[in-house]
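Peer 1: Starting off with a structure, shown below.
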């Protein structure tokens with residue numbers, strides 16, 4: 001098996017097993033759009049390499065080694081998505097496929113450079129979390145120090161931070177950058193006034209990930225925390241309009 | 001349909017509407033803008049509250065008489081858009097386009113002009129004779145917002161009337177304007193979107209030559225561009241190529257903007273709404289220069305506080321229940337005493353069949369009166385006050401996370417609280433949930449909520465003869481059961497769940513007309529459904545009694561009642577009676593055992609087990625009917641079966657566990 005193929009399989013199992021515990025052959029086949037028979041074959045070969053635990057009929061789960069690879073690939077994938085979307089301004093619907101092809105070819109150095117340049121983003125454009133790097137350091141500033149400070153043009157490039165509305169502090173303002181999620185929910189939110197570019201603020205956050213109270217167009221809306229996490233805003237820094 | 005609460009919407013022919021009207025107008029607008037108050041101001045007392053034919057959506061209709069004209073006023077549901085997000089939105093747009101009201105009055109909130117105009121723009125697309133009523137201008141003034149209604153009228157191209165509906169201000173001007181409108185039938189002007197949108201709307205319109213629908217052509221074109229599923233279906237049934245072509249155009253817009261086309265269209269509409277709002281609103285900064293916190297903000301600091309907020313929820317709901325049962329018990333006793341003058345208040349088994357039937361019907365009627373008037377009515381009245389004040393939305397927010405554990409969201413707390421009064425209106429109120437799954441799930445949980453009748457049983461058996469703590473323990477157990485059942489049902493039931501997205505209106509002093517109307521809407525189903533079920537059911541059960549089927553039924557149930565639940569065989573029949581009326585369990589028990597001091601014949605364990613089983617085993621027959629009319633017989637009977645089995649299993653286990661340390 002080619003390395004790229006190995007990584008694709010591990011990634012798929014990581015995604016599927018992440019929600020269901022073990023990844024069934026049919027689910028993997030569906031995800032990768034290949035025949036179930038070739039999945040079985042591939043899983044056997046991955047099991048030989050000690051990357052997955054494979055039991056026929058039950059499905060596959062990742063070993064620690066396999067998981068490490070899968071997480072690295074996922075991190076690279078999501079970093080690349082942020083890069084493509086935010087820096088190169090490529091249409092968000094296309095960044096996933098693009099990143100899918102690029103993720104297998106970049107080196108660890110490139111990965112870390114991307115991370116530094118993008119200010120260690122916490123989420124990909126689709127809202128999935130980006131895992132922290134595996135370097136044995138305490139904070140990003142140590143990383144910057146070790147490699148000779150952050151890439152200089154970065155701060156100019158990112159005049160604003162795109163963050164989920166849930167990360168907006170009380171009385172902080174932001175403008176809607178984009179909303180992810182189910183089409184019906186997105187439409188509902190935009191019908192209620194959360195359209196792109198609209199200024200919003202968070203009046204209150206209920207404790208323990210309860211609903212978020214958002215102030216928009218002179219009205220207050222209570223929004224489920226999970227839905228609100230997918231509303232991304234350009235944080236407007238205090239004072240400046 | 002007002003005479004047919006039991007078969008809501010099942011028979012459109014029975015629909016009763018206001019007759020001999022010269023004109024028909026509709027009120028449309030967002031929720032919480034004072035639309036209902038405006039409706040009440042216009043129509044006074046002549047109102048019919050029912051359902052839209054074939055839909056589980058409430059419909060209110062009233063009569064406005066002015067200058068010798070009879071005008072039928074339809075109150076459309078409060079909605080934010082004409083998408084297909086909810087049944088309310090579909091019903092409203094179909095009504096305006098297909099029934100052609102002589103005028104549509106769009107009630108908008110002066111304090112939230114942008115969001116309200118967003119809806120106005122969509123109304124204009126449907127092109128009915130339109131009038132805008134800018135309501136709550138006084139509240140807007142208080143917030144420092146002055147709306148130039150004259151300019152708004154010029155910009156929109158439709159008449160605009162300022163009102164303060166709750167105080168009746170501007171209502172006569174509104175009525176005059178309505179009369180002008182129904183007379184002249186003007187078509188509102190077309191508001192144009194950005195060039196890339198208009199070009200494509202034009203293209204779709206040009207393709208629609210052969211397609212005929214009852215809707216305006218431009219509206220159809222816009223909806224096709226938005227990929228509206230319903231409109232795509234209508235047009236697709238005539239000419240699929242138009243839908244396909246429109247789909248291509250939608251795709252072009254999506255590539256251009258990188259966003260779904262419906263979102264692009266919303267943004268376009270908001271752009272127009274923002275522009276108009278900016279031109280007509282004058283913002284006055286507060287005189288003393290500082291931004292004073294509004295009353296709503298100050299109350300919310302407590303109502304939504306992570307600690308005090310919960311205290312307030314408990315205090316309000318607990319107070320509501322406590323008040324109802326303290327006051328209710330008094331009135332109920334008084335009423336029962338009053339009715340006992342007229343005749344036998346207890347089940348009888350002697351005499352001719354007709355007198356037994358009559359007696360049964362009478363006891364059923366008395367039971368209904370002594371339950372509904374003292375308990376349910378005050379409960380719903382106070383609840384309507386809490387609701388109209390705006391506080392109920394805060395309860396929803398505070399309990400949203402807890403409700404997530406049941407697979408629901410905060411709004412579902414409303415039917416559940418209603419359930420403590422009577423399960424029947426509570427089942428109907430599950431309509432406020434968004435997805436079919438959430439509707440059914442919340443209705444299922446509602447049937448587990450101990451209503452007033454079941455509370456009477458718990459208090460009468462356990463609180464009176466064991467102690468109050470065991471009665472409270474039963475309540476606590478019930479909440480636990482609702483949580484467990486909710487989690488299980490959430491996993492088993494198919495379908496999607498939608499998270500909470502809810503407007504948080506400002507607090508305001510409740511309007512008595514809205515409160516009374518809401519109370520009536522909820523109590524009405526009791527009168528049309530619960531009352532007949534009580535009367536007919538009680539008569540039938542007495543007939544069973546009279547026919548001498550008592551012992552055979554008790555014997556048939558003995559394996560469950562005696563062996564498994566550890567109860568006397570005689571309770572078998574009382575459990576059957578409880579299907580009709582839960583509180584009848586106590587009555588029949590008293591008659592059958594020949595005493596009202598149950599402690600002499602039943603052990604504490606038996607009392608608790610009986611109350612527990614009664615609490616869970618089945619929603620009464622009225623609830624089964626209500627569930628069937630909302631969700632169909634299959635689901636209604638499935639819920640019934642699940643609860644009977646659950647009650648039996650739990651009751652048996654409780655008997656064994658309790659016997660260990662109470663025996």
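The values are calculated or read from the model by the stated rules, or taken from the named source; none is laboratory data. What you are looking at is a predicted structure, and each value in this text was computed from that prediction instead of being measured. Neighbour counts are summed over all protein chains in view; Cβ atoms, including those assigned to glycine, are modelled from backbone coordinates with ideal geometry.
Peer 1: Kindly check whether there is at least one residue in segment B:270-283 that is surrounded by 14 or more Cβ atoms within 10 Å (Cβ to Cβ), under 30 Å from residue B:143 (Cα atoms) and in contact with a strand residue (DSSP E or B) (Cβ under 6 Å, 6 or more places away or on another chain).
Peer 2: Yes: one or more hits.
Peer 1: Determine which member of the set B:415, B:425, B:378 is farther than 21 Å from residue B:488 by Cα and crowded, with 23+ Cβ neighbours inside 10 Å.
Peer 2: On the way: B:415 fails: farther than 21 Å from residue B:488 by Cα; B:378 fails: crowded, with 23+ Cβ neighbours inside 10 Å.
The match here is B:425.
Peer 1: Residue check, residue B:516 against (1) crowded, with 18+ Cβ neighbours inside 10 Å; (2) part of a helix (DSSP H, G or I), all met but one. Which one?
Peer 2: With respect to (1) crowded, with 18+ Cβ neighbours inside 10 Å; (2) part of a helix (DSSP H, G or I), residue B:516 is out only on (1).
Peer 1: If you don't mind, there's one more thing I want to ask. Of all residues being without any contact (Cβ under 8 Å) to a residue 60 or more places away in the chain and surrounded by 17 or more Cβ atoms within 10 Å (Cβ to Cβ) in segment B:645-663, which is farthest from residue B:423 (Cα to Cα)? Just the residue, please.
Peer 2: B:658
Peer 1: Related question: Need at least 2 residues that are at pLDDT 90 or above, surrounded by 22 or more Cβ atoms within 10 Å (Cβ to Cβ) and at the interface with chain B (Cβ under 10 Å from one of its Cβ atoms) per element, so show me which strands (runs of 3 or more DSSP E) inside segment A:168-241 make the cut, counting only ones lying wholly within it. Steps first, answer last, please.
Peer 2: Details: elements: A:173-179, A:199-205, A:212-216, A:219-223, A:231-236.
Counting at least 2 such residues, we get A:212-216, A:219-223.
Peer 1: For the structure I just gave you, tell me whether residue A:70 is surrounded by fewer than 20 Cβ atoms within 10 Å (Cβ to Cβ), closer than 30 Å to residue A:93 by Cα and touching a helix residue (DSSP H, G or I) at 6+ places or on another chain (Cβ under 9 Å).
Peer 2: Values: surrounded by fewer than 20 Cβ atoms within 10 Å (Cβ to Cβ): no; closer than 30 Å to residue A:93 by Cα: yes; touching a helix residue (DSSP H, G or I) at 6+ places or on another chain (Cβ under 9 Å): yes.
Against the criterion (surrounded by fewer than 20 Cβ atoms within 10 Å (Cβ to Cβ), closer than 30 Å to residue A:93 by Cα and touching a helix residue (DSSP H, G or I) at 6+ places or on another chain (Cβ under 9 Å)), residue A:70 does not qualify.
Peer 1: State whether one or more residues within segment B:426-438 are within 30 Å of residue B:607 (Cβ to Cβ) and away from chain A (no Cβ under 14 Å). Give the derivation first.
Peer 2: Restricting attention to segment B:426-438, the residues satisfying the condition of being within 30 Å of residue B:607 (Cβ to Cβ) are B:426-427.
Checking which are away from chain A (no Cβ under 14 Å) leaves us with B:426-427.
Checked segment B:426-438: at least one residue is within 30 Å of residue B:607 (Cβ to Cβ) and away from chain A (no Cβ under 14 Å).
Peer 1: Looking at A:51, A:32, A:79, which one is farther than 30 Å from residue A:163 by Cβ, buried (at least 21 other Cβ atoms within 10 Å of the Cβ) and outside the structural domain of residue A:179 (by TED's automatic domain parsing)?
Peer 2: Working: A:32 fails: buried (at least 21 other Cβ atoms within 10 Å of the Cβ); A:79 fails: farther than 30 Å from residue A:163 by Cβ.
A:51 is the lone residue from the list that is farther than 30 Å from residue A:163 by Cβ, buried (at least 21 other Cβ atoms within 10 Å of the Cβ) and outside the structural domain of residue A:179 (by TED's automatic domain parsing).
Peer 1: Moving on. From A:12, A:17, A:23, A:37, which residue is surrounded by fewer than 18 Cβ atoms within 10 Å (Cβ to Cβ) and not assigned by TED's automatic domain parsing to the domain that holds residue A:110? Don't jump to the end; show me each part of the working.
Peer 2: Working: A:12 fails: surrounded by fewer than 18 Cβ atoms within 10 Å (Cβ to Cβ); A:17 fails: surrounded by fewer than 18 Cβ atoms within 10 Å (Cβ to Cβ); A:23 fails: surrounded by fewer than 18 Cβ atoms within 10 Å (Cβ to Cβ).
The conditions single out A:37.
Peer 1: Here are some residues: B:217, B:205. Which one is under 21 Å from residue B:120 (Cα atoms) and not assigned by TED's automatic domain parsing to the domain that holds residue B:127? Reasoning before the result, please.
Peer 2: Working: B:205 fails: under 21 Å from residue B:120 (Cα atoms).
Criteria check complete, one pass: B:217.
Peer 1: The conditions are (1) surrounded by fewer than 21 Cβ atoms within 10 Å (Cβ to Cβ); (2) away from chain A (no Cβ under 14 Å), and residue B:507 fails exactly one of them. Which is it?
Peer 2: (2)
Peer 1: Among the residues of segment B:304-320, write down those that are under 16 Å from residue B:401 (Cβ atoms) and in a helix (DSSP H, G or I). Break it down into steps so the answer makes sense when it comes.
Peer 2: Filtering segment B:304-320 for residues under 16 Å from residue B:401 (Cβ atoms) gives B:304-307, B:309-310, B:313-314.
Of everything in segment B:304-320, those that are under 16 Å from residue B:401 (Cβ atoms) and in a helix (DSSP H, G or I) turn out to be B:309, B:310, B:313, B:314.
Peer 1: Do we have residue B:626 as in the same structural domain as residue B:428 (by TED's automatic domain parsing), part of a helix (DSSP H, G or I) and surrounded by fewer than 17 Cβ atoms within 10 Å (Cβ to Cβ) here?
Peer 2: Values: in the same structural domain as residue B:428 (by TED's automatic domain parsing): yes; part of a helix (DSSP H, G or I): yes; surrounded by fewer than 17 Cβ atoms within 10 Å (Cβ to Cβ): no.
So residue B:626 fails the test.
Peer 1: Which fully enclosed helices (runs of 4 or more DSSP H) of segment B:122-190 have 2 or more residues being closer than 22 Å to residue B:278 by Cβ? Please lay out each step first, then the result.
Peer 2: On the way: elements: B:137-142, B:149-156, B:171-184.
Once the helices (runs of 4 or more DSSP H) in segment B:122-190 are filtered for at least 2 residues that are closer than 22 Å to residue B:278 by Cβ, what remains is B:137-142, B:149-156.
Peer 1: Can you name the helices (runs of 4 or more DSSP H) wholly within segment B:196-268 that have at least 3 residues being surrounded by fewer than 20 Cβ atoms within 10 Å (Cβ to Cβ), without any contact (Cβ under 8 Å) to a residue 40 or more places away in the chain and more than 11 Å from chain A (Cβ to nearest Cβ)?
Peer 2: B:229-236, B:240-257
Peer 1: Would you mind stating whether residue A:96 is within 14 Å of chain B (Cβ to nearest Cβ) and in a helix (DSSP H, G or I)? Step through it out loud before you land on a result.
Peer 2: On the way: within 14 Å of chain B (Cβ to nearest Cβ): yes; in a helix (DSSP H, G or I): yes.
It is true that residue A:96 is within 14 Å of chain B (Cβ to nearest Cβ) and in a helix (DSSP H, G or I).
Peer 1: Moving on to the next point. Kindly evaluate residue B:84 against the criterion of being at pLDDT below 90 and within 13 Å of chain A (Cβ to nearest Cβ).
Peer 2: On the way: at pLDDT below 90: yes; within 13 Å of chain A (Cβ to nearest Cβ): yes.
For residue B:84, the condition - at pLDDT below 90 and within 13 Å of chain A (Cβ to nearest Cβ) - is met.
Peer 1: Here is a check on your reading of the model: is residue B:520 without any contact (Cβ under 8 Å) to a residue 24 or more places away in the chain and more than 30 Å from residue B:301 (Cβ to Cβ)?
Peer 2: On the way: without any contact (Cβ under 8 Å) to a residue 24 or more places away in the chain: no; more than 30 Å from residue B:301 (Cβ to Cβ): yes.
Against the criterion (without any contact (Cβ under 8 Å) to a residue 24 or more places away in the chain and more than 30 Å from residue B:301 (Cβ to Cβ)), residue B:520 does not qualify.
Here is a yes/no grid of residues against (1) without any contact (Cβ under 8 Å) to a residue 24 or more places away in the chain; (2) touching a strand residue (DSSP E or B) at 6+ places or on another chain (Cβ under 6 Å); (3) under 30 Å from residue B:259 (Cβ atoms):
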| site | (1), (2), (3) |
| --- | --- |
| A:43 | no, yes, no |
| A:51 | no, no, no |
| A:61 | no, yes, no |
| A:65 | yes, no, no |
| A:71 | no, no, no |
| A:75 | no, no, yes |
| A:78 | no, no, yes |
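Peer 1: Right, next: Here are B:170, B:157, B:144, B:150: which of them is under 30 Å from residue B:284 (Cα atoms), within 14 Å of chain A (Cβ to nearest Cβ) and surrounded by fewer than 22 Cβ atoms within 10 Å (Cβ to Cβ)?
Peer 2: B:144
Peer 1: Since residue B:473 meets every condition but one in (1) in contact with a helix residue (DSSP H, G or I) (Cβ under 8 Å, 6 or more places away or on another chain); (2) assigned to a helix (DSSP H, G or I), which condition does it not meet?
Peer 2: With respect to (1) in contact with a helix residue (DSSP H, G or I) (Cβ under 8 Å, 6 or more places away or on another chain); (2) assigned to a helix (DSSP H, G or I), residue B:473 is out only on (1).
Peer 1: While we're here: With a cut-off of at least 1 residues that are under 18 Å from residue B:658 (Cβ atoms), name the helices (runs of 4 or more DSSP H) lying wholly within segment B:519-615. Walk me through it before giving the result.
Peer 2: Numbers: elements: B:531-546, B:550-558, B:571-578, B:584-593.
Those helices (runs of 4 or more DSSP H) span B:571-578.
Peer 1: Name the single residue that is surrounded by the fewest Cβ atoms within 10 Å (Cβ to Cβ) among those in segment B:62-81 being more than 14 Å from every other protein chain (Cβ to nearest Cβ) and under 18 Å from residue B:97 (Cα atoms). Give the steps one after another, and end with the answer.
Peer 2: So in segment B:62-81, the residues more than 14 Å from every other protein chain (Cβ to nearest Cβ) come out as B:62-77.
Next, from what is left, pick out any that are under 18 Å from residue B:97 (Cα atoms): B:72-77.
Values: B:72: 23, B:73: 26, B:74: 23, B:75: 25, B:76: 26, B:77: 21.
Ranking the candidates gives B:77 first.
Peer 1: Can you tell me which of (1) at pLDDT 90 or above; (2) closer than 23 Å to residue B:630 by Cβ is the one residue B:432 doesn't meet?
Peer 2: Here residue B:432 meets the rest and fails (1).
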